[in-house]
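Report on the structure given below.
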Amino acid sequence: MAPMLKLIDCSLRLSVIPLSVATIWLTVTNHQDNSSYGNLHYSNLMGLKYMVCMSAICAVYAFVAAVSLWIRFLVNKVWWLFVSDQIITYLMVTSVAAIMELLYLAYNGDQKVTWSEACRSYGKFCTRMKLALILHAVALFCFIVLAVISSYRAFSTFETPVSSKEVEEDTS
């Protein structure tokens, strides 16, 4: 692997760790009491619990993967990183989508099922949830770039396929 690509890879992996930790902290400490509707805590919403779990998994994985980049005895780590990066990226997409849906419902409600928007009553909670989503989305962007880098590393060892046109020209 080119030294510059390895440095970018490692930097992105290490940058995911504080983003994930900040997401966890913002989410877990997010609560608001409302005299009319009661206390709202992140554990009341399954989507937020999922985001916390995904952020923890991403932080641990990013650390292990960053360390493994510098360990030489892991012979087949290119394929391990490729598959792992793809899985983590897809899981991150699902957690970002879940939180986006929660935020949409919290801000807009759902008139068909007579849900009113919760952010009028829990504004601080919604603002912190939005900030956590932004940090989580930045971590997702890092993993998308990492998935592209690991794909490039895994498949750049193969020769490009020969087109049928090139085969016909070679036989002529």
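What follows draws every value from the coordinates through simple rules; no lab data is involved. Quick caveat, the model's predicted, so the values are computed rather than measured. When we count neighbours, we look across all protein chains shown, and the Cβ atoms used for this are built from the backbone with ideal geometry, even at glycine.
Results, tabulated for the structure shown:
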{"quantity": "In degrees, nearest ten, helix 77-108 long axis to first principal axis of the chain (Cα)", "calculated": "30 degrees"}
{"quantity": "222 nm mean residue ellipticity, helices alone, for the chain (DSSP H n ≥ 4; -39,500 (n - 2.57); rounded to 500)", "calculated": "-25500 deg cm²/dmol"}
{"quantity": "Between helix 3-28 and the chain: long-axis angle, C-alpha atoms, 0 to 90°, nearest 10", "calculated": "10 degrees"}
{"quantity": "Charged-residue dipole, Cβ positions (Lys, Arg, Asp, Glu), the chain about Cα centre, Debye nearest 20", "calculated": "800 debye"}
{"quantity": "Candidate lysines - alpha carbon under 26 Å from Lys6, same-chain residues fewer than 8 apart omitted", "calculated": "Lys77"}
{"quantity": "Free-standing Cys, the chain [no other Cys Cβ under 4.7 Å]", "calculated": "Cys10, Cys53, Cys58, Cys142"}
{"quantity": "Reference-scaled alpha-carbon Rg (2.2 N^0.38 Å with N residues) for the chain", "calculated": "1.39"}
{"quantity": "Rg in Å to one decimal, and Dmax rounded to a whole Å, for the range 1-74 via C-alpha atoms", "calculated": "17.4, 60"}
